[in-house]
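Every number in this text was worked out from the coordinates using simple rules, so none of it is lab data. What you see is a predicted model; the values in this text were computed from it and never measured. Cβ coordinates were reconstructed from backbone atoms using ideal geometry, including for glycine residues, and neighbour counts include every protein chain displayed.
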Amino acid sequence: RQKLPQYNTVEDAVKLLKESKNIVVLTGAGISTSLGIPDFRSKDTGLYSKLAHLGLSDPQEVFDIHIFHEDPSIFFSVAKDILPTEKKFSPTHAFIRLLQEKGKLLTNYTQNIDNIEANAGVSPDKIVQCHGSFANATCIKCQYKVPGEAIYEDIRNGVIPECPACKKQISEEALKPHGLKRKRSSNGVHKKRKNNDQDDSSSDEDYDIPTPGVMKPDITFFGEDLPDEFGRRLIEHDRERVDLVIVIGTSLKVAPVAEVPGVLPRHIPQIYISRTPVSHIGFDIDLLGDCDVVVSELSRRAGWDLKHDMIPPD
Ligand code: OAD
């Protein structure tokens, strides 16, 4: 993307903020680090730097859908540390809400699964959770859905959550005469057990013991599609309305979200706020530093009251 020559300074950013009416805000893990939630890729502090003990060839495999199907315990060993917690939010979340209050927020595309935008009072119809969230969980075998909270206790206790619908079906089957059939599963989810205790003709055969499916939080893993709303809203709604793009606290390393700046019209100004510069995407104004500090200063210069000590809504 070619830089627009007329935008350079902090004052240009402030002017753009004041004049714009349809702002797309694209956020990543950096907007929650001041709350003690680690981002992914920061050296030493990011989640991926802390996963060496899992012995993965690439720490991103924690969120790989194929690995999840092979061994869900890898994801669940990390999941308890990334569950949404208290009702807190950072000044940067408050800034997004302030844009909404001023009628300037077109959409907040967030890659975060912490749901903190809602804590700050950003309206659900202004948020696209590009990588899903813990709000719901789905059985990987029968697609039965439960609210996310239903599996929090298991996750906190280090237990792999099992599908209640599968469990019910299995117990009903077992009660039927000849309920425990010998059958072979094609999807590999059923466990095979060798029966060594009997010496009849079937002793060397494998039995498939039906097991319930695993409940997977509705987070978008690598290898899964993003929610439909992401592409639909971006292309069919926002692309022709947006008048300013602000990208905050993301390394823009993960497609397709990383492609958003390039998909929007070239004449629309784009501001990047983060600790670490990116070189693979050309922004018009780079405001490098702690995002809470940067947005506070932008608000001050715009003459706006950024209330980040506000009481979260019920
Ligand atoms: P990253 O960890 O890749 O990038 C976070 C960026 O925020 C880095 O550039 C940091 O320097 C910056 N940062 C951290 N704290 C900051 C602060 N207080 N102020 C300003 N900048 C700060 O996280 P994401 O880009 O969000 O996907 O990662 C994208 C996706 O990769 C995630 O959604 C996740 C991950 O794999 C899935 O799990 C599917």
Next on the checklist: Given points 7 Å out from each Cα along the Cα-Cβ axis, report the Lys43 to Lys87 separation in nanometres with one decimal.
Outcome noted: 4.0
Checklist entry - Taking 0.36 nm per residue of separation and subtracting the Cα-Cα distance, what length does fully extending Ser57 through Lys307 add? => result 85.6 nm
Item to check | Amide N proximity, segment 144-163 versus Ala135 label position 7 Å along Cα-to-Cβ, cut-off under 14 Å | outcome: 146-149
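How far, in nm, would the chain grow between Arg300 and Val10 when pulled straight, counting 0.36 nm per residue and subtracting the alpha carbon separation?
On the way: separation 290, 0.36 × 290 = 104.40 nm, distance 1.19 nm.
Additional length available on full extension: 103.2 nm.
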Checklist outcome for this item: For segment 138-150, in residue order, the Karplus 3J(HN,Hα) values (coefficients 6.51, -1.76, 1.60; θ = phi - 60°; whole Hz; Gly and Pro = x) are 10, 5, 6, 9, 10, 6, 5, 10, 9, x, x, 4, 4
Checklist entry - What are the residues whose amide H is under 5 Å from the amide H of Ile246, where those residues sit 5 or more places off or on another chain and H is modelled from the backbone? => result Val24, Val25, Leu26, Ile271
Next on the checklist: On a straight-distance basis, which aspartates and glutamates could pair with Lys3 in a cross-link, Cα separation under 13 angstrom, same-chain partners fewer than 8 positions away excluded?
Outcome noted: Asp284, Asp286
Checklist entry - Label Ser77 and Lys18 with points 7 Å out from Cα along Cα→Cβ: what is the distance between them in nm? => result 5.4
Checklist entry - How big is the Cα convex hull of the chain in projection, averaged over all directions, in nm²? => result 19.8
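Please get the size of the charge dipole for the chain, origin at its Cα centre, with Cβ charges of +1 on Lys and Arg and -1 on Asp and Glu, quoted in debye to the nearest 20.
Values: 40 positive and 47 negative charges, 111 e Å.
For this selection, approximately 540 debye.
For segment 1-108, what is the convex hull (Cα atoms) projected area averaged across all directions, in square nanometres?
10.0
Distance cut-off 20 Å, Cα to Cα: go down the list Lys43/Lys253; Lys50/Lys145; Lys145/Lys168 and report the pairs above it.
Lys50/Lys145, as the Cα separations exceed 20 Å there.
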Next on the checklist: Report the Cα-based extents of segment 72-143 along its three principal axes, largest first, to the nearest Å.
Outcome noted: 44, 24, 15
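For Glu224 and Ala150 in one chain, what is 0.36 nm times their gap in residues minus the Cα-Cα distance, to one decimal in nm?
Details: separation 74, 0.36 × 74 = 26.64 nm, distance 2.28 nm.
Using 0.36 nm per residue and subtracting the Cα-Cα distance, I get 24.4 nm.
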